[in-house]
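Enquirer: Have a look at this one before I ask anything.
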Amino acid sequence: MAILGALKLAPSPPALAGAAPPETSTPARSSVHFHLANAGAAALVADPAVAFIVRPPFTYPALFLLSSQGGGPYGKQVTRGQDLTGKDFSGLTLVKQDFKTSILRQANFKGANLLGASFFDADLTSADLSDADLRGADFSLANLTKTNLSNANLEGALVTGNTSFKGANITGADFTDVPLRDDQREYLCKIADGVNSTTGNPTKETLFCS
């Protein structure tokens, strides 16, 4: 190990005939341990790849090098499990943003890039997702009641049987490759209308409405 190789301890002087064996000094050992600890800690701090707790046999506080960047690119702010009622995210780039279990009632996502974002178990009641890029977004267990999805692109988005679209505006929305339950599809087909301005796909066709 480079750290240990760099520490050179002076060789002990030869024992004199009849002399008592030299006593091992506790302070000296502590000093060596201290220097080793410092050298080891310095090397670990200099290595950006380290992200664990170091517990060597030396006596010094544990070194915590833990990274916490919550929520994704939105200003490094935590957006998961938060009350974000009425917040304005319109036009923002929020690729793979984590909104899991957040309260997003009346939130404004108009025209936002939400590619691959997660709204797992989130409450989006009356939120504005119009013109948003929602390709590959996760709406599993989400509440989309009265949500404005007009002209949104939901291609490949994930939903579950418990995802609620009751009262949603889906005019011009693109549901290509969205795995809907039969009763969800039946309900959406009753209110489907329009053509998505980005993909050119009629909403009814993307829902396979008869």
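The values are calculated or read from the model by the stated rules, or taken from the named source; none is laboratory data. All values reported here derive from a predicted model rather than from experimental measurement. Note: ideal-geometry Cβ built from the backbone for every residue, glycine included; neighbour counts use all protein chains shown.
Enquirer: In the stretch 143-163, what residues are surrounded by fewer than 20 Cβ atoms within 10 Å (Cβ to Cβ) and among the small types (Gly, Ala, Ser)?
Expert: Gly156, Gly161
Enquirer: (1) more than 31 Å from the chain's Cα centre (by Cα); (2) closer than 21 Å to Gly91 by Cα; (3) of a type in the set (A, V, I, L, M): which one isn't true of Ala192, the others all being true?
Expert: (2)
Enquirer: Listed residues Gly91, Gly111, Gly86; which is farther than 22 Å from Gly167 by Cα, modelled with pLDDT of 95 or more and in the same structural domain as Thr163 (by TED's automatic domain parsing)?
Expert: One residue alone meets the criteria, Gly91.
Enquirer: Next question, about the same structure. Hey, can you tell me all the residues within the stretch 186-210 that are closer than 19 Å to Gly136 by Cα and in contact (Cβ under 8 Å) with a residue 24 or more places away in the chain?
Expert: Asn196, Ser197, Thr198, Thr199, Asn201, Thr203, Thr206, Leu207 - these are the residues of the stretch 186-210 that are closer than 19 Å to Gly136 by Cα and in contact (Cβ under 8 Å) with a residue 24 or more places away in the chain.
Per-residue answers, yes or no, for (1) within 19 Å of Gly81 (Cα to Cα); (2) surrounded by fewer than 20 Cβ atoms within 10 Å (Cβ to Cβ); (3) assigned by TED's automatic domain parsing to the domain that holds Thr199; (4) over 22 Å from the mean Cα position of the chain (by Cα):
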{"site": "Gln106", "(1), (2), (3), (4)": "yes, yes, yes, yes"}
{"site": "Phe119", "(1), (2), (3), (4)": "yes, no, yes, no"}
{"site": "Leu124", "(1), (2), (3), (4)": "yes, no, yes, no"}
{"site": "Gly136", "(1), (2), (3), (4)": "no, yes, yes, no"}
{"site": "Leu141", "(1), (2), (3), (4)": "yes, yes, yes, no"}
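Enquirer: Scan the stretch 168-179 for residues that are under 12 Å from Leu154 (Cα atoms) and touching a residue at least 24 places away in the same chain (Cβ under 8 Å) and report the count.
Expert: 7
Enquirer: Oh, and also: Could you tell me whether any residue of the stretch 155-172 is outside any loop (DSSP other than H, G, I, E, B), closer than 19 Å to Leu84 by Cα and under 21 Å from the mean Cα position of the chain (by Cα)?
Expert: Among the residues of the stretch 155-172, not one is outside any loop (DSSP other than H, G, I, E, B), closer than 19 Å to Leu84 by Cα and under 21 Å from the mean Cα position of the chain (by Cα), which makes the answer no.
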